[in-house]
Amino acid sequence: METIQYVGMDDHKEFIEVAVFKQFSRDPEIVKTLKNSKPTIKRFFEQLARNGEIIAGYEAGCMGFQLQRLIESFGHLCILIAPSKTARKPGDKIKTDKRDAIVIAKALRNQDYQPIYIPTKQDEEVREYLRARTDRKLDLTRTKQRVLKFFLRNGYRYPGDRYWTQKHLSWMKTLTFRSELQKETFEHYFTVLIAQEQHVQRMDQRIQEIATSGRYEKQVAQLRCFKGIDYLTALSLIVEIGDFRRFKSAEAFMAFLGLTPSEYSSGNTRRQGAITKAGNTHIRKLLIESSWHYRYTCPPSNRLQQRRNGQSEQIIHYADKALSRLQRKFTKMVYRGKPKQVAVTSVARELAGFIWGLMTTNYA
């Protein structure tokens, strides 16, 4: 029987810590540091392959998927492990790169790990663009906050109660400042603000172009049948999740997004707390934003009906079922005295279930 070698790695910019266990060995056969370069890594795996089959792995992190794709291009299996799911001894208070590599190698040998989904290169590129848009939107929000704080510090009070409307922008342009320097300060903030808004608009247009072309078009159009989901959220769901069928049930998908309640139960005592916030933070935030659209009970808007043009009656009926159920859920929870934020989070959890049903064709 061919020997299987389990290679645990701790990936860094300049070097990689490596630990190798054989199938039944108690201690690692190899523990060494490799330079993080393609020729060095290739040479190491070529030497290792002479002794048997290789199963490699490392924890997912800021280094991305380059090492995984490189090792698989050599013809070896490489698994990316979810860091939060790696088993560690409670009493182990020493953490080094070598120890991490040994822990990963043992997890591979014992099959005690949770692999993560590896996106295609196309999905990864689109995902990077979508996350860049999120960063740009965050920069815009921070600039708006700086402008408001500038006004507050200098005694300029807007008489209305809604900011960043056309009326609010017109009020800004009519202000008379006490000094030329103060005026220059405002113009600097305002120029940056307008440039960032235009940048976000251009990125939104590009996202719409991506979402309505290629392999994304059909699924994006289906997801847009749900209230609160448009091009950005629909495309993010597709490229972040990939194959929805890798989740066996809607509950498993909800748990992946960290939308299920945390629990600490023992004996006859059962305690449930806030959501776990595990898994994909980006998608969880988008779904919670989408769920705010269900706080009012109303029929599908004209804009939503236009988004549904060309879709089958079965999908539209399924989306209407979600609309009715989620609106009722939000209303009932608020009437029971639950905070709106709690109600919206609960709606987001069920919306995730409906999305899983649509993407896996488990709908009626």
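The values are calculated or read from the model by the stated rules, or taken from the named source; none is laboratory data. Because the structure is predicted, anything quoted here is derived from the model rather than measured. Virtual Cβ from ideal backbone geometry, glycine too; neighbours counted across all protein chains shown.
For the stretch 112-119, does any single residue satisfy the condition of being over 26 Å from V200 (Cα atoms), in the same structural domain as G64 (by TED's automatic domain parsing), outside any loop (DSSP other than H, G, I, E, B) and modelled with pLDDT under 95? No: the stretch 112-119 contains no residue that is over 26 Å from V200 (Cα atoms), in the same structural domain as G64 (by TED's automatic domain parsing), outside any loop (DSSP other than H, G, I, E, B) and modelled with pLDDT under 95. Scanning the stretch 43-89 for residues that are in contact with a helix residue (DSSP H, G or I) (Cβ under 6 Å, 6 or more places away or on another chain) and free of Cβ contacts under 8 Å to residues at least 24 places away in the same chain yields one hit, C78. Inspect the stretch 60-75 for any residue being among the hydroxyl-bearing types (S, T, Y), under 26 Å from the mean Cα position of the chain (by Cα), surrounded by fewer than 12 Cβ atoms within 10 Å (Cβ to Cβ) and not assigned by TED's automatic domain parsing to the domain that holds K277 and give the result as yes or no. Looking through the stretch 60-75, none of the residues is among the hydroxyl-bearing types (S, T, Y), under 26 Å from the mean Cα position of the chain (by Cα), surrounded by fewer than 12 Cβ atoms within 10 Å (Cβ to Cβ) and not assigned by TED's automatic domain parsing to the domain that holds K277. Entry remark, the stretch 166-187: residues being surrounded by 12 or more Cβ atoms within 10 Å (Cβ to Cβ) and under 17 Å from T143 (Cβ atoms) number 5 in total.
Out of everything in the stretch 313-364 that is among the small types (G, A, S) and not in a helix (DSSP H, G or I), what residue ends up being farthest from the chain's Cα centre (by Cα)?
G337
For T141, are the conditions met, namely being of a type in the set (S, T, Y) and either modelled with pLDDT of 95 or more or closer than 30 Å to S25 by Cβ (or both)? Against the criterion (of a type in the set (S, T, Y) and either modelled with pLDDT of 95 or more or closer than 30 Å to S25 by Cβ (or both)), T141 qualifies. Of the helices (runs of 4 or more DSSP H) that lie entirely inside the stretch 166-264, those containing 2 or more residues that are closer than 23 Å to S290 by Cα span 180-211, 217-223, 231-241, 250-256.
Among the conditions (1) buried (at least 16 other Cβ atoms within 10 Å of the Cβ); (2) part of a loop (DSSP other than H, G, I, E, B), the only one that D100 does not satisfy is (2).
Hey, among G337, G279, which residue is modelled with pLDDT of 95 or more and at positive phi? Of the residues listed, the single one that is modelled with pLDDT of 95 or more and at positive phi is G337.
Only one residue in L140, L193 is under 28 Å from the mean Cα position of the chain (by Cα) and touching a residue at least 60 places away in the same chain (Cβ under 8 Å), so which one is that? Testing whether each residue is under 28 Å from the mean Cα position of the chain (by Cα) and touching a residue at least 60 places away in the same chain (Cβ under 8 Å) leaves just L140. Out of G273, G267, G258, one residue alone is of a type outside the set (A, V, I, L, M, F, W, C) and either closer than 24 Å to S312 by Cβ or surrounded by 15 or more Cβ atoms within 10 Å (Cβ to Cβ) (or both). It is G258.
Of the residues in the stretch 23-36, none is acidic (D, E), free of Cβ contacts under 8 Å to residues at least 60 places away in the same chain and more than 18 Å from T3 (Cα to Cα).
Where the second residue is assigned to a loop (DSSP other than H, G, I, E, B) and surrounded by fewer than 15 Cβ atoms within 10 Å (Cβ to Cβ) and the first is in contact (Cβ under 8 Å) with a residue 40 or more places away in the chain and lies in the stretch 294-322, which pairs have Cβ atoms under 9 Å and are six or more apart or on separate chains? Once the first residue is in contact (Cβ under 8 Å) with a residue 40 or more places away in the chain and sits in the stretch 294-322, its partners that are assigned to a loop (DSSP other than H, G, I, E, B) and surrounded by fewer than 15 Cβ atoms within 10 Å (Cβ to Cβ) give Q314/A364; Y318/A364. When residues in the stretch 273-304 are screened for being part of a helix (DSSP H, G or I) and over 28 Å from the mean Cα position of the chain (by Cα), 1 of them pass.
Is one or more of the residues making up the stretch 177-188 within 30 Å of the chain's Cα centre (by Cα) and not assigned by TED's automatic domain parsing to the domain that holds L232? There is no residue in the stretch 177-188 that is within 30 Å of the chain's Cα centre (by Cα) and not assigned by TED's automatic domain parsing to the domain that holds L232.
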